[in-house]
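S.K.: Supplied in structure tokens, the structure appears directly below.
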Amino acid sequence: MTTADPRLDGRAVKRIAFDAERIAARVHELGEEVTARYPEGDLLVLGLLKGSFIFLGDLVRQIRRPLQVDFLVAASYGEATESSGHVRLVYDPETTLEGKHILLVEDIVDSGRTLNRLIGLLMERRPRSLDVCALLHKHVAEHLQYEVGFVGFDAPNEFLVGYGLDHAENFRHLPYIASLQ
Ligand code: PRP
């Protein structure tokens, strides 16, 4: 892909970190891993919006077992209360979580703050199990309290856009993941 991509609106990307073919191959593998690892029981795949919307759509089509899909939209309370670890759900899943296997789907784990807050909150709903599937993991989080069970790619510590990831809400629709200049 060149910087002449019309989707970029004249912006240059430094490089393509993961092209569409590589993403599709890995998402297929992740679907196989999820299919193989989950035992019997209700599986609820929870996509954290907005970043996960493309990944979730591709992933669930590679999982060969019954499941349900719902979404979460989260917002932190802001700087003043960040240290308290509070997260507010702007959209709360309609489906009950209690007694179900929950697979939380994230586009990227960066500082780990989002996961640290959300997992605690979801555990209060008493799921049968709770695991995370992240397409990208930067491995820079110093205080990540939970292990991410499914990781697509170890990601470079660069500003990444595309395949759901944005810069100021732009570039989510790129079919590849690029490092922004
Ligand atoms: C991004 C991304 C992850 C989170 C990762 O979400 O989608 O959810 O940040 O960062 P962290 O590990 O440092 O917490 P963002 O808040 O930008 O919202 P978005 O999903 O709507 O893009």
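The values are calculated or read from the model by the stated rules, or taken from the named source; none is laboratory data. What you see is a predicted model, and the numbers here were worked out from it, not measured in a lab. Every residue, glycine as well, gets a Cβ built from its backbone with ideal geometry; the counts of neighbours run over all protein chains shown.
S.K.: Quick check on this structure: which one of Arg26, Arg65 is of a type in the set (D, E, K, R), at pLDDT 95 or above and assigned to a loop (DSSP other than H, G, I, E, B)?
M.R.: It is Arg65.
S.K.: Do the conditions hold for Val151, that is, is it within 14 Å of the ligand (Cβ to nearest atom), closer than 23 Å to Val34 by Cβ and in contact with a His (Cβ under 9 Å, 6 or more places away or on another chain)?
M.R.: Yes.
S.K.: If the Cβ limit is 7 Å and pairs must be 6+ apart or interchain, which residue in the range 98-109 that is closer than 22 Å to Phe18 by Cα and within 16 Å of the ligand (Cβ to nearest atom) pairs with which residue that is among the β-branched types (Val, Ile, Thr) and not in a strand (DSSP E or B)?
M.R.: These pairs meet every condition: Val109/Val148.
S.K.: May I pose another question? State whether one or more residues within the range 126-142 are of a type outside the set (A, V, I, L, M), more than 10 Å from the ligand (Cβ to nearest atom), touching a helix residue (DSSP H, G or I) at 6+ places or on another chain (Cβ under 6 Å) and without any contact (Cβ under 8 Å) to a residue 60 or more places away in the chain.
M.R.: no
S.K.: Can you name every residue in the range 110-121 that is over 11 Å from the mean Cα position of the chain (by Cα) and either within 13 Å of the ligand (Cβ to nearest atom) or buried (at least 19 other Cβ atoms within 10 Å of the Cβ) (or both)?
M.R.: Across the range 110-121, the qualifying residues are Ser111, Gly112, Arg113, Asn116, Arg117, Leu118, Ile119.
S.K.: Oh, and also: Of the residues in the range 68-105, how many are polar (S, T, N, Q) and modelled with pLDDT of 95 or more?
M.R.: Going through the range 68-105 one residue at a time, the tally reaches 1.
S.K.: Tally time: how many residues in the range 86-108 are β-branched (Val, Ile, Thr) and assigned to a loop (DSSP other than H, G, I, E, B)?
M.R.: 2
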